[in-house]
Amino acid sequence: MWHVSGYNPSAGGPTDARRHSPLHPLPVGIRRHRRGAATYRAAKAEARRAAGRGQHQAHNRGTWAIESTVKTAAGKDTVVNSLVTATADANGWVTHLAGREPIPTRVVAMGGDSVITEAGPFQSVARPGQTVTTHEALHFKDDAIWGTIEARYSNGDVVKGTVKGTRRK
């Protein structure tokens, strides 16, 4: 079932999302969301809402030691350690994996205590021989970071996992 986001029923349009289909498009500026959308998409929307409330990201600045837990090709949990260098804005974020070149990390959205990042493609640590692109929904509070990761591998697999860490001092 489709859900309508940002639709203003007082503008005179229908209030039921089921009245719209691909053959009957929604008015300009209206988005559709499928129930159960990917976690990072929901967090991205929350980050944008928080940004609209005027919250800033200076408290995210620094170097963060992160443990990401994802599945190997054999289905076993594995922990990938990284360092993320974060700036107060969306520019200059970098992920560091041991023994590898720094990975530029794009900030997709930020607001409140949330940041959505994307990195890659780069050679996978958890699945040697494959490349991976990661999407992370990160939340910050004081010197703690936590969230979720979605890893998209070159063979088409999509794996979800968790992220936790602390600020390095």
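What follows draws every value from the coordinates through simple rules; no lab data is involved. Computed from a prediction, not measured in an experiment: that's the story for all the values here. Neighbour counts run over all protein chains shown; Cβ positions are idealised from the backbone, glycine included.
What is the stretch 58-167 by shape, rounded, prolate or oblate, if you read a ≥ b ≥ c off the alpha carbon gyration tensor as root eigenvalues and call it rounded for a/c under 1.5, prolate for a/b larger than b/c, and oblate otherwise?
prolate
For the pair ALA65 and PHE122, how long in nm is the line joining their label points, each one 7 Å along Cα→Cβ?
1.9
If packing is taken as the average count of other Cβ atoms within 10 Å, what order do 111-124, 72-85 fall into, highest mean first?
The most tightly packed comes first, giving 111-124, 72-85.
Could you calculate the contour length gain from LYS164 to LYS141, that is, 0.36 nm times the residue separation minus the distance between their Cα atoms, to one decimal place in nm? Present the calculation step by step, with values, prior to reporting the outcome.
Working: separation 23, 0.36 × 23 = 8.28 nm, distance 1.16 nm.
Net length gain for the segment: 7.1 nm.
Compare the Cα positions of VAL108, PHE140, PHE122 along the charge dipole of the stretch 58-167 (+1 at Cβ of Lys, Arg; -1 at Cβ of Asp, Glu; about the Cα centre) and return the one farthest towards the positive end.
PHE122
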